[in-house]
Each structure stands twice: as C-alpha cells, then as structure tokens.
1. Determine ³J(HN,Hα), in whole Hz, for all residues of the stretch 46-59 in sequence, where each value follows from phi through the Karplus function 6.51 cos²θ - 1.76 cosθ + 1.60 and θ = phi - 60°; x replaces Gly and Pro.
2. Sequence-distant or interchain residues sharing an amide H contact under 5 Å with residue 105, placed H: which?
3. So what are the ³J(HN,Hα) numbers for the stretch 7-13, from phi and the Karplus equation (6.51, -1.76, 1.60; θ = phi - 60°), rounded to whole Hz, Gly and Pro as x?
4. By accessible area of protein heavy atoms, probe 1.4 Å, what ranking do 11, 27 get, highest first?
5. What accessible area per residue comes out for the stretch 116-209, rounded to a whole number of Å², with a 1.4 Å probe?
6. If amide hydrogens are placed 1.01 Å from N in the peptide plane, which non-local residues have theirs closer than 5 Å to the one on residue 208?
7. At a 10 angstrom cut-off on C-beta neighbours, averaged per residue, how do the peptides 13-22, 161-170, 67-76, 175-184 rank from highest to lowest?
8. How much accessible area does residue 119 have with a 1.4 Å probe, in Å² rounded to the nearest 10?
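The values are calculated or read from the model by the stated rules, or taken from the named source; none is laboratory data. In this text the structure is predicted, and so the values were computed from the model without any measurement. Neighbour counts are summed over all protein chains in view; Cβ atoms, including those assigned to glycine, are modelled from backbone coordinates with ideal geometry. In case anyone asks, the SASA skips ligands and DNA or RNA and just uses the protein heavy atoms, side chains included. Shrake-Rupley method; radii C 1.70, N 1.55, O 1.52, S 1.80 Å.
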Amino acid sequence: MPKLKVHLTSRLIKVFEIDKPIYTIGRGPNNDVQLLAKSVSRNHSHITKEEERYLIEDLGSSNGTKVNGVRINRAYLNDGDVVEIGAVKISYFEKEPPPVSPENIYTIKSASLPEEKVEAMLKGNDLGLVMPTSREVIEYCFEIARRFIEKTSLSQESVLNLQTALYEAIDNARRHGNKDDAAKMIKVFLRDSKESVLSTVIDEGEGFDFMAVLKKTAVQDTLTAARERYQAGGMGGLGIRLMLKCADRLEYDNKGSKITLFKWKKEPSVKAVAPADASEETAEIESVASKQVYAEQPISNAKEKPQDMEKLVDKYKDRISQFFEEQGKKKESAPPDTFAAEEDFLSFNLPDEFDLEDDSPKTEKGG
C-alpha cells in the first residue's frame, strides 16, 4: 500500500497510508492529512487511483503543488517522488523494503542463548529480534541490540544516544503499546548502512496520538509531565522528547505503533538555517539541530549494563523536565525578543498542532 512521509520538521516524520480511493491533503480538519502550516490551503490537493497508478491533483490552492520541484495541476506519482504542499515536503513511496533480511530475524523466547549463537547473530549488517512482552526477555534482547549498535562505526557519543533512544522506544512499546501483555510481541529491527544506523520498534498495541501527547506536555507543568511519564496507559511526552533529541530523525506511522530512529554516521558540515521568516521557536530549534543531549555529559564507557541504561534514561528525562521548567520561568520574566536568543532551548517545531512553522514567503497565504 502506498505511503506518504510528511516532514513535520527536519527530525520528525509522520507516515500515512493511502488507504482510500480519494486521499485529501490540506489545512482543514476534514482532510486525511491535515497540515496547519500557513502556506497550505484548506483543501489543497488530493490523491486518487487511476489505472493502477496514483495521481495527485492540485485543488486550486494559493501556493500550488509541486512534484520534484515542478509545479503541477495533475501528475502521476512514482516511487520516491518528493511532493511539496505549499512549503511542506512529503515523500511518496510505493514499495517499502523489508526492515532486515528474513534470514537475520530471530524469535527470542527466553533470556538465555549460547554466546556463540549471539556472536553469529551480530556478524551481519542487519538484525531482527522478535520477543514476547516479558521484561526479562526484553532486557536480554536489548543487551543484544546494544552490542549491535556498539559494533557500528558511530562515534561513542552517538552510540550512547542511539542506545538510549532505543531503550526508551522499547520500554514505551512494553508499557504503553502492549501494556505488559505477555501474549503480545515486540519487534526490533536494526540496520547498519553506509549513511546511518537505524532501529525500528513495532508493538501490537492500538497506537497513540504522538502529536497530541507532545502538545499536552508542552502546556502542562513539568512536574505533572514527569509524573505522568511513569503512569501506565499513557505515552510519556518527556520520553518522546528524549528520543527526538537522541536520534537524528524519528519516523512514526499514523497509529503510533511503529517508530524508526535514525542516527547519521557523519555530522552535517553546515549548520541548518531556518527560513528568514520562520517563527522564533523554529529558529531556536534549527540553531541547535546538530547538538546532542549528552554533549555536556562525560562518557567514560558506552558499554553500561541494561539497569544502568534505565537510570541514565530517567536521569536525562529529569534534566529535560528541569530545563523546561527553567526556560518557562525565563520566558515569563523576559521579553520575547531576548528569550528567542537563548541558544540551548531544548525544544522542536510542531507545525501541525502549534502552527509554529511559517516557512512560506510573507506574501503567500493559504486559501
């Protein structure tokens, strides 16, 4: 089934399945993909199926629709095309390659394997682990995943960041996705490619509204947010923020039951620059896009035990919570222009829910 990858920010991507004959995109709430960026019209475009191919059509929008940089009225879509809806970029793809080679996927039912078996599993460039929702088995499989990440060519700091993000993703799948139901499975896929190391976590839960959780934790006090991250049945907003800061990119499907974390092997040579008319929040985010959560934390040994990783995750959640609280106090007491100059603002752009993204020219407005 064809999919759309909507680039909400440079780090955050939401994946939609085109699962109906007419799939609509626009700023209005009636659309299948709602984009609240100001450059997007209420009913901007739609995708339809025509003779076994998918066709995108602009619906008379103010700022137009582009396919691979060319403005179109109607155009057939090909696998890998990049669509621009106003200023929002969307990747279209029809064929999703398997996360790992089938022969490298292992079902782990107990927390014990011969060491020679584990070493054989770690020899390749990809690895799949399928496990029941058992804390003991999950911790054992996470240790195998840690070792896979450690053998890549990532820097020591990047290794620890990706391990931490993966730990949080798996723990969320256990607690909030499968709700500790031992009958449900968790899948973890890892791939070491030339450009990046990626890890995918899939649970069998009902999913969750990723953006709504972030919105909630952005408006509530940080102490409440910290408490709620431990409560079962609700995804922790600080955990999501931790994953976003530890990974270079996070993709999640529309239901929220599948998360893919990317870590690039090479740091960007040029710092990302926000558009000239972007909001203050966007400018702050882009100015720190390449910084790591652990940049100020000395790392003596990346090969910590799983229980130490759990403490480490909680430690940095507390740091994030404290940072939000401190920044909130500064924002209340300082003029907006001086607050915008804070260089280490630990946040990110949420254009859909907050309408923070205004990366279109000032003269362009959605219709």
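1. With the stated coefficients, the stretch 46-59 comes to 9, 10, 10, 9, 9, 6, 6, 10, 9, 10, 9, 9, 6, 9 Hz.
2. 128
3. Working through the residues one at a time gives 7, 5, 9, 5, 10, 10, 10 Hz.
4. Ranking 11, 27 by accessible area, largest first, yields 27, 11.
5. Result: 39 Å² per residue.
6. The answer is 256, 257.
7. Details: 13-22: 15.0, 161-170: 26.2, 67-76: 13.0, 175-184: 17.0.
By packing density, highest mean first, the sequence is 161-170, 175-184, 13-22, 67-76.
8. Its heavy atoms expose roughly 100 Å² to the probe.
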